[in-house]
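One structure below.
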Amino acid sequence: RGNPVAIARGFLDENRALFKLTSATDQLALLRVESDMQLGFAHVRLNQTYHNIPVFGKQLVVHLDTQENVIAVNGQFAPEIIAETRPSLTQDDAENVALQDLLLDQLEADERATVVPEILKDKTRLIIYVDAYGKATLAWNVTILTDTPLGQWMYFVNARCPVIVHRFDAGETIKQRRTFSADNRATVPGRILIQEGE
């Protein structure tokens with residue numbers, strides 16, 4: 001009692017078969033415990049790991065009520081991962097592969113003329129990337145910022161060979177902002193006033 005992390009891990013260990021876990025201790029690393037000030041609930045966030053390597057985008061959240069009863073578990077977990085855990089590609093090589101792909105394949109010629117890319121070297125890390133078909137790959141997660149055009153590119157470079165596993169522009173949604181007016185009514189979003197770039 002009084003230890004939401006222990007309660008959450010105990011619940012997951014008791015229900016390993018349901019979640020296809022082998023060990024909540026070995027496969028889940030504590031991210032944080034969030035307190036719900038209104039309801040008095042505790043939300044325990046656990047990131048999935050594979051041999052102590054983070055699994056990108058996979059997390060379970062265990063929700064406890066005021067009596068410390070588990071009332072829900074949600075999130076995503078990739079069971080039965082099989083992947084290499086030692087890279088043969090260096091961090092610098094992976095960052096270079098990502099940068100070349102961005103400059104040569106993702107940007108137009110006029111964008112390449114003005115772009116100033118910045119690799120966030122302190123953010124580069126090894127992760128396990130699980131694709132839509134459940135295939136797991138050891139990858140370098142590389143983040144590249146660009147100002148013209150505005151972007152925050154997330155790259156996943158195979159850590160065993162210089163191949164892009166996945167990429168996306170995390171700043172894409174930022175560039176689609178829209179401003180609305182409710183015209184002094186309670187109906188939202190109301191009337192659109194301006195869109196990105198106007």
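The values are calculated or read from the model by the stated rules, or taken from the named source; none is laboratory data. Note that the structure is a prediction, hence the values are computed from the model and not measured. Cβ sites come from the backbone with ideal geometry, for glycine too, and all protein chains shown count toward neighbours. Accessible surface areas use protein heavy atoms only, side chains included; no ligands, DNA or RNA. Shrake-Rupley method; radii C 1.70, N 1.55, O 1.52, S 1.80 Å.
Annotations
- Residue pairs whose Cβ atoms lie under 9 Å apart, separated by 6 or more positions or on different chains, with the first residue in the range 149-163 and under 14 Å from T124 (Cβ atoms) and among the aliphatic types (A, V, I, L, M) and the second modelled with pLDDT under 95 and open to solvent by less than 50 Å² (accessible area, probe 1.4 Å), are M154/D169; M154/A170.
- Checked against the criterion of being open to solvent by 90 Å² or more (accessible area, probe 1.4 Å) and either touching a strand residue (DSSP E or B) at 6+ places or on another chain (Cβ under 9 Å) or modelled with pLDDT of 95 or more (or both), the range 168-177 contains one or more residues that satisfy it.
- Once the range 110-140 is narrowed to residues that are basic (K, R) and in a helix (DSSP H, G or I), the residue that is least open to solvent (accessible area, probe 1.4 Å) is R112.
- Contact map, the range 46-63: first residue of a type in the set (K, R), second residue outside any strand (DSSP E or B) and open to solvent by less than 20 Å² (accessible area, probe 1.4 Å), Cβ cut-off under 8 Å, separation 6 or more or different chains; pairs are K58/A78.
- When the range 67-81 is filtered for residues that are over 16 Å from A6 (Cβ atoms), more than 18 Å from the chain's Cα centre (by Cα) and at pLDDT 95 or above, the ones remaining, listed by number, are I71, A72.
- Those strands (runs of 3 or more DSSP E) of the range 7-109 in which at least 3 residues are among the aliphatic types (A, V, I, L, M) and open to solvent by less than 30 Å² (accessible area, probe 1.4 Å), considering only elements entirely within it, cover 42-50, 53-64.
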